[in-house]
Every structure is written in structure tokens, then in C-alpha cells.
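Written below as C-alpha cells is the structure these notes are about.
No lab work stands behind these numbers, since they all come straight from the coordinates. For clarity, every value in this text was computed on a predicted model and none was experimentally measured. Cβ coordinates were reconstructed from backbone atoms using ideal geometry, including for glycine residues, and neighbour counts include every protein chain displayed.
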Amino acid sequence: MHLERRILITGGAGFIGSFLCERLLESGANVLCADNFFTGTRTNVAHLLNHPRFELMRHDVCFPLYVEVDEIYNMACPASPIHYQFDPVQTTKTSVHGAINMLGLAKRVKAKILQASTSEVYGDPAVHPQPEEYWGNVNPIGPRSCYDEGKRCAETLFFDYHRQHNLRIKVARIFNTYGPRMHPNDGRVVSNFIVQALRGEDITLYGDGQQTRSFCYVDDLVRGLMALMDSPDSVTGPINIGNPGEFTIRQLAEEVIALTGSKSKLVFMPLPQDDPKQRKPNIEKAQEILGWEPRIQLRDGLTKTIAYFDNLLSDRMAAE
Ligand code: NAD
Ligand code: UDP
């Protein structure tokens, strides 16, 4: 007999996963974090290692896992374009074999399972903002396809397990998320710009910087994922979780420069292939069904994130 919920978080040592581990422990759950440390680190969860309800295991989701749990958050997958394009075959395997293995586990132990899907399933969207009904505009054979199509196939598997095996599923389409514990070298725009600004290096704008993104602070995102997991079984998603505030990448750069007081200059570099021109979630479903919406404005979230990187870089300099 167990009184507390037992929750498996794959990719739990990553940026979003580590916050999820923290919040779920605070909610009283037992948390099992499984990660192969491809982009995540033990450091991200070091402060949880002595917690009596926390367990960390090295595991690659491409292989089956046999554990007794009540809920699974399937977060395992590199999220930064640099990292997911480093070994694209492994990226597809992580999404597809990972989904098959975790769905198989959920089926065996009758667990509820949530998939960390992505706004990338909409590709370079021709519909703006993106509602869940939009089927997307995805290149199946480009450099981003390993991630986009892997995540799309994972969604297919989730819905087939739901229809075929009555699994309780939850599919969250996560839009660009930022905050402390992003890897300083992971290449994503928020961490790149903050690190560049703090070091006084050039800020690298890809293309003309007029492409847009909508940035969600990690605390808001994690609250949204937990609300989805705790929603009635009839709520499967897919459901967009993101902040609808839309900014050009140039505006983001200017905001980071203003908040850091940096003397960095903007430099323009080639736009990567298939880089989406615009992205903004329609979050009406999350508002109506989950009663969720983001609370943290970009400026406030950036201020917290800058403080984190400032400490990190100062500690590193002190250690050198
Ligand atoms: P992250 O790279 O920090 O975390 C991913 C974690 O998964 C890492 O700890 C990594 O080591 C682990 N991992 C990778 N492959 C694995 C494997 N085969 N087996 C076990 N663990 C593995 O990225 P993140 O930003 O925290 O993203 C978490 C999830 O959210 C990912 O699934 C990502 O696709 C999704 N997502 C994130 C964003 C975002 O903006 N951060 C947007 C959309 C979707
Ligand atoms: N980007 C940029 N400079 C950088 C890193 C990224 O201009 O140093 C741009 C990138 O081309 C894209 C946007 O910022 O248009 C968001 O990139 P990121 O890799 O963070 O996420 P994604 O493209 O997956 O949304």
C-alpha cells in the first residue's frame, strides 16, 4: 500500500524537468527522476538528492523501464536545436522509442502519462496565432525534422494508445520556455543573449531578427503541466501551454541589453534553415479547461534569469 503518489519524470535532470521534480516533491509526491544526462546534469537536481521522497536514476528512455508508478511526465528529449541536431537519429529514437517504452510502462502499471510535446509540431506556421486544431507546416526531411517529426509521431502514439488501450493520456504542446538552469551553452536564444550581454560579447541575431517567438517563464509552464496532469481523465489535450506575449528576436535582444546595462552590440548572422518566422500560442483551451494562464511578464522573467546567469558566470570566474 502507498499513500503518496509515485511519479516518474523522464528527463527530470533537465531544465524544465528539474523544476517539475521540485514542485512535485513540494506537493507531497514521491519523485523518481530518470535521465541519461545527455543535456541534463546531476547539478540541476543536486539540491534534491537528500530529499527522502526523491530518487535519481541514470536511464535512457530508448530502453524499457520497469518501475511501479502512478503518473509519468515524459520530458526526456533534447530541446535546443544545437543539441537535437547533434545526433538527429538519437533524437528521433528518444521521441519515438521513448514514447513507446513509456506508454508500454503506463499500460502495464495503469499509470496516467503526460507527453512534453512542442509548438514545433506546427512547424513554420501558416496560421497565426496557433490553435490546437492547426495541423502544422512541417518539413519532413530538413535539419529540424528529427525533433518535429519525432514529437509528432510521439503524439500519434499517445492517441493510439489512448484509443486502442484506453490509456489515460495528456499531451502538452509547450511553447518557448526560459528561466534559470537553462544550460549556458545550449544555444537557445534567451540563454545565448543573456550570456553574451553579461560577458559584453556581440549579441548574435540570426537573420534580420524580425522572426517572432512567445516566451513563457518556467514557473508558469510547470504550473500548467501540473494542472493538465491533475485535470479529469476526459482531458487528453493536445493543449497549448505557453505565454501569448509575442516579441521579435530583435526586441528580445534590446530588452536583454536594457536589463543588463550591457555595452554589447547586435550582430547579424545567417538564419538557420527552416527557422519558423512566427510563433504565438492560442491558449484559450488552457484558460477554459485548466483555468491556467501565465502570470510572469517577459521583463520580470528575464530579470530573474539574468540574476541566475550573473551568479553562475561570477562563480565560474571566481573558480578560474
Ligand atoms: P533539456 O535539454 O534541458 O532537458 C531534456 C532532458 O532530457 C535532459 O535532462 C536530458 O539529459 C534528458 N534526455 C535526453 N535524451 C534522453 C534519453 N534518451 N533518455 C533519458 N533522458 C534523456 O530541455 P528542456 O527545455 O528541459 O525540455 C524538456 C522537454 O520539454 C523536452 O521534451 C522538450 O522537447 C520539451 N519542450 C521544451 C521547450 C522549451 O522551450 N524548453 C519547448 C517545447 C518543448
Ligand atoms: N536565435 C538568434 N540568435 C541566437 C539564438 C537563436 O537570433 O543566438 C533565433 C533563432 O534563429 C530563432 C529564435 O531565436 O529564430 C529562437 O531560437 P531558439 O533556438 O531559442 O528556439 P526555436 O527556434 O526552437 O524556437
Per DSSP, loop GluC sites (Glu not before Pro) in the range 135-207 with at most 15 further Cβ within 10 Å
Glu201
For the range 78-140 and the range 1-59, what is the separation of their Cα centres, given in Å?
21
Taking the range 191-320 and dividing mean pair separation by its residue count, relative contact order in percent (alpha carbons under 8 Å, at least six apart)
39
Considering Cα pairs under 8 angstrom that are at least six residues apart, work out the relative contact order of the range 95-194 and quote it in whole percent.
35
Across Leu302, Leu271, Leu20, the residue with the highest GNM fluctuation in the chain (Cα network, 10 Å cutoff) is Leu271
Rounded to 0.05, the calculated FRET efficiency for the beta carbons of Cys153 and Ala307 at R₀ = 51 Å is 0.85
Karplus couplings for the range 143-150 from phi (6.51 cos²θ - 1.76 cosθ + 1.60, θ = phi - 60°), rounded to Hz, Gly and Pro as x?
x, 8, 5, 4, 7, 4, 6, x
Could you rank the peptides 216-227, 60-71, 6-17 by their average count of other C-beta atoms within 10 Å per residue, with the highest value first?
6-17, 216-227, 60-71
Given the options Asn176, Asn30, Asn139, state which has the largest fluctuation in a GNM of the chain using a 10 Å cut-off (strictly under) for Cα springs.
Asn139
Label-point separation (nm) for Asp230 and Cys62, each offset 7 Å from Cα along Cα-to-Cβ?
3.6
Output wanted: per-residue J couplings in Hz (rounded whole) for the range 243-256, from phi through Karplus 6.51 cos²θ - 1.76 cosθ + 1.60, θ = phi - 60°, x for Gly and Pro.
9, x, x, 10, 9, 6, 5, 5, 4, 4, 4, 5, 5, 5
Karplus-derived 3J(HN,Hα) from phi for the range 176-182 (6.51 cos²θ - 1.76 cosθ + 1.60, θ = phi - 60°), whole Hz, x at Gly and Pro, runs 2, 10, 9, x, x, 6, 5
Rg(Cα) / (2.2 N^0.38 Å) computed for the range 101-190, rounded to two decimals:
1.24
For the range 287-314 and the range 232-269, write down the distance between their C-alpha centroids in whole Å.
10
Relative contact order for the chain, counting Cα pairs under 8 Å that sit 6 or more residues apart, in percent:
17
Can you compute the modelled spin-label distance between Val267 and Asp315, with each label point 7 Å from Cα toward Cβ, in nm?
2.9
Top mean-square fluctuation among Pro143, Pro270, Pro184, Gaussian network model of the chain, C-alpha springs under 10 Å?
Pro270
Sorted by chain and then number, the residues having a modelled amide H within less than 5 Å of the amide H of Asp87, at least 5 places away or on another chain, are none
Among beta bridges assigned by DSSP with both residues in the range 172-304, the antiparallel ones amount in percent, to the nearest 5, to 25
Largest-first principal axis extents of the Cα set of the chain (Å):
59, 46, 38
Give the residues of the range 4-39 whose amide nitrogen is closer than 13 Å to a point set 7 Å from the Cα of Arg53 in the direction of its Cβ.
4-8, 21-32
